[in-house]
Amino acid sequence: MSVTFHQAKLENGLVIIGERDTNAHTTAGGFWVSTGARDERSELMGISHFLEHMMFKGTDKRTAEDVNRDFDSLGAVNNAYTSSEMTAYWAHVLPEKMDDTMEILADILRPSLREEDFSSEKQVILEEIAMYDDQPFWVLYEHAMERFYGSHPLAHRVLGTKKTVGEMTRDQLADYFSNRYASDNTIFAIAGAFDFDEVVDRISRECSNWVPTKPVRERRPRETVSNESDLTIPDLGQAYLVMLSEAPGVESDDRYAASLLSHTLGGDETSHLYWSLIETGLAEEAQCSYDPRDHAGEFATYAVCSHDALSEVEARIRKEISGFSDKLVQDDLDRARARTATAAVISAERPMGRVNRMASAWLRRGSYVPIEEEMRRIDAVTIEDLRACAEKYPLEPSVIARARSSD
């Protein structure tokens, strides 16, 4: 791929980064803000996600209808998301439409935050929370994460709770916006076909008046906990299990081995859990995921099965995890590496995949690593590295949560 990296920084601290691909036929770009659920006070849990909604409710020069119509007129595929650590606003368009797209994206990131919009959107978010409350796995996962992270802000729910969102005020939202949506806490990232000088010129014209605030993020270590709990949910057709264990953070070089390790245990139909639980018909689903965070991280092993099989499923998972480093063989690593590399390259074939990877990495580590270098680092992981990671970060869960029917 004929890809070149570009970087610039405005006087107010806003960073602009880009991966230019001369073979691309589209362009993807957007703003990534280094703020999420972990940056909220507990009583304001969900405020980052609430702000994401408010960005589309209108600005000083656009109504909510104007925002939607203007994106549509450009043929843009656009969206936004909020996580524990970042909030993103992006659009994927034809190259000749990106200049106008940047103007819209910059405009919506300075919203009006009108009281009437705040009140109506609060009801939308409360309905969204209620919708997720009807999803058993999501309920159990949030329950387990709250126990795993305890008093650490990574325990915060991205959507918040009915109480925190219900009691939130428009002025609190505006204060949070003023502090966190600062020029020195935001990047503009772009990938695909573009002229970087033109991008810098447009972003400079739109964003030079944004104000820096030097926001900070708490990075204290998570307290080690040991907790088992059971939830009862009415009319639950199947049983659910979530097991959490310590994992390396996104800044750690161990993240490459950790990703391959989780894939080996429960990534797909080549994994240990698949052959132990899915192929045998004991569980409908059994996987292990690795989520690296800013100076924190967790392995999440989870399963879905019949109520009668829950105890056996948990016992089988414990058996697989026990002494996992001694069970690893070269074939495990080769399969995990092949699947990981394929997924990464497929994502990198589209500008949207490239820009999200690039922007997320920059916010978390403040540096650029091309996809080719990522592939080299994955290829460099040896079976000894995999075993060492399993020794350093044992998959033995410190938090276990089960969901059963109350009937």
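The values are calculated or read from the model by the stated rules, or taken from the named source; none is laboratory data. Keep in mind the model is a prediction, meaning the values are calculated, not measured. Here the Cβ is made from the backbone with ideal geometry for all residues, glycine too, and neighbour counts use every protein chain on show.
Looking only at residues in region 232-256 that are crowded, with 18+ Cβ neighbours inside 10 Å and of a type in the set (S, T, N, Q), which one is farthest from Arg318 (Cα to Cα)?
Looking at residues that are crowded, with 18+ Cβ neighbours inside 10 Å and of a type in the set (S, T, N, Q), I get Gln238.
Return yes when Met375 is surrounded by 14 or more Cβ atoms within 10 Å (Cβ to Cβ) and in contact with a strand residue (DSSP E or B) (Cβ under 9 Å, 6 or more places away or on another chain) and no when it is not.
Judged against the criteria, Met375 is not a match.
Considering (1) surrounded by fewer than 19 Cβ atoms within 10 Å (Cβ to Cβ); (2) more than 28 Å from His143 (Cβ to Cβ); (3) out of contact with any helix residue (DSSP H, G or I) (no Cβ under 6 Å at 6 or more places or on another chain); (4) modelled with pLDDT of 95 or more, say which one Glu228 fails and leave the rest.
(2)
Could you tell me which of the residues Arg293, Arg337, Arg316 is under 20 Å from the mean Cα position of the chain (by Cα) and not β-branched (Val, Ile, Thr)?
Arg293 is the lone residue from the list that is under 20 Å from the mean Cα position of the chain (by Cα) and not β-branched (Val, Ile, Thr).
Test of understanding: among Glu85, Glu96, which residue is acidic (Asp, Glu) and not in a loop (DSSP other than H, G, I, E, B)?
On inspection, the qualifying residue turns out to be Glu96.
Within region 136-177, which residues are in contact (Cβ under 8 Å) with a residue 12 or more places away in the chain, surrounded by 15 or more Cβ atoms within 10 Å (Cβ to Cβ), part of a helix (DSSP H, G or I) and of a type in the set (D, E, K, R)?
Within region 136-177, Glu142, Arg147, Arg170 qualify.
Residues being surrounded by fewer than 17 Cβ atoms within 10 Å (Cβ to Cβ) and out of contact with any Ser or Thr (no Cβ under 8 Å at 6 or more places or on another chain): count how many of those fall in region 47-63.
2
Is it true that some residue in region 196-205 is surrounded by fewer than 23 Cβ atoms within 10 Å (Cβ to Cβ), outside any loop (DSSP other than H, G, I, E, B), among the aromatic types (Phe, Trp, Tyr) and modelled with pLDDT of 95 or more?
yes
Condition test on Glu52, is it under 17 Å from Phe177 (Cβ atoms) and free of Cβ contacts under 8 Å to residues at least 40 places away in the same chain?
yes
Which members of region 69-94 meet the condition of being in contact with a Gly (Cβ under 7 Å, 6 or more places away or on another chain) and more than 30 Å from Asp39 (Cα to Cα)?
Answer for region 69-94, where residues must be in contact with a Gly (Cβ under 7 Å, 6 or more places away or on another chain) and more than 30 Å from Asp39 (Cα to Cα): Val93, Leu94.
Can you go through Asp21, Asp60, Asp66 and tell me which one is under 26 Å from Ile371 (Cβ atoms), of a type outside the set (A, V, I, L, M) and either touching a residue at least 60 places away in the same chain (Cβ under 8 Å) or out of contact with any Cys (no Cβ under 9 Å at 6 or more places or on another chain) (or both)?
That would be Asp21, the only listed residue that is under 26 Å from Ile371 (Cβ atoms), of a type outside the set (A, V, I, L, M) and either touching a residue at least 60 places away in the same chain (Cβ under 8 Å) or out of contact with any Cys (no Cβ under 9 Å at 6 or more places or on another chain) (or both).
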